[in-house]
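Reviewing the structure listed below.
The values are calculated or read from the model by the stated rules, or taken from the named source; none is laboratory data. Everything numeric in this text was worked out from a predicted model, so none of it was measured. Neighbour counts are summed over all protein chains in view; Cβ atoms, including those assigned to glycine, are modelled from backbone coordinates with ideal geometry.
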Amino acid sequence: MASTIKSSYESIQRFFGKQTPEEMVRKWRLEINSQQRALDRQKRNIETEEKKVHLSIKQIAKKGDIKTCKMLAKELVRSRRQKDRIVTSKAQLNSISMQLQHQLCMKKKKKRLWVLGAIVLFTLSHG
């Protein structure tokens, strides 16, 4: 009886536009995954720029322009720091995604335990 009422309540909520927790988690995880892909693209772009700067440093060093080499080397260090920040951000997003999934699983498990407990109580009282 309780599950029928709950499923009716959820269908009414869905009718009025409110999403179920599963739908919300799915939507959030899709958004997180798209952000992770964007971070991967940024990281690849930085890596290609690093290669270009590295080649430029070699060419300028052959010419003997130390001042420009130092400037480009500093730029290379900045880009590596930025790349490290991107990797950290991606790891944090992955952690958030896993936490969302874990919380959803725990919610489902709690619901199953509640139903199982109700069944056990019913059988004990009528058995």
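In the stretch 8-43, the residue that is modelled with the lowest pLDDT out of those that are hydroxyl-bearing (Ser, Thr, Tyr) and part of a helix (DSSP H, G or I) is TYR9.
What number of residues in the stretch 94-107 are more than 22 Å from SER34 (Cα to Cα) and surrounded by 12 or more Cβ atoms within 10 Å (Cβ to Cβ)? Working first, answer last.
Taking the stretch 94-107 as the starting set, the residues that turn out to be more than 22 Å from SER34 (Cα to Cα) are 105-107.
Then keep just the ones that are surrounded by 12 or more Cβ atoms within 10 Å (Cβ to Cβ); that gives 107.
Result for the stretch 94-107: 1.
Summed over the stretch 84-111, residues that are in contact with an Asp or Glu (Cβ under 8 Å, 6 or more places away or on another chain) and at pLDDT below 90 total 1.
In the stretch 64-85, the residues that are without any contact (Cβ under 8 Å) to a residue 40 or more places away in the chain and surrounded by 13 or more Cβ atoms within 10 Å (Cβ to Cβ) form Cβ pairs under 8 Å with partners that are assigned to a helix (DSSP H, G or I) and of a type in the set (S, T, N, Q), at six or more places apart or across chains, as follows: LEU72/SER56.
Within the group LYS51, LYS58, LYS63, which residue is within 15 Å of LYS83 (Cα to Cα) and more than 28 Å from the chain's Cα centre (by Cα)? Step through it out loud before you land on a result.
Values: LYS58 fails: within 15 Å of LYS83 (Cα to Cα); LYS63 fails: within 15 Å of LYS83 (Cα to Cα).
Unique residue meeting the criteria: LYS51.
When the residues of the stretch 32-63 are narrowed to those that are among the polar types (S, T, N, Q) and over 24 Å from ASN94 (Cα atoms), which ends up surrounded by the most Cβ atoms within 10 Å (Cβ to Cβ)? Checked the stretch 32-63; the qualifying residue surrounded by the most Cβ atoms within 10 Å (Cβ to Cβ) is SER56.
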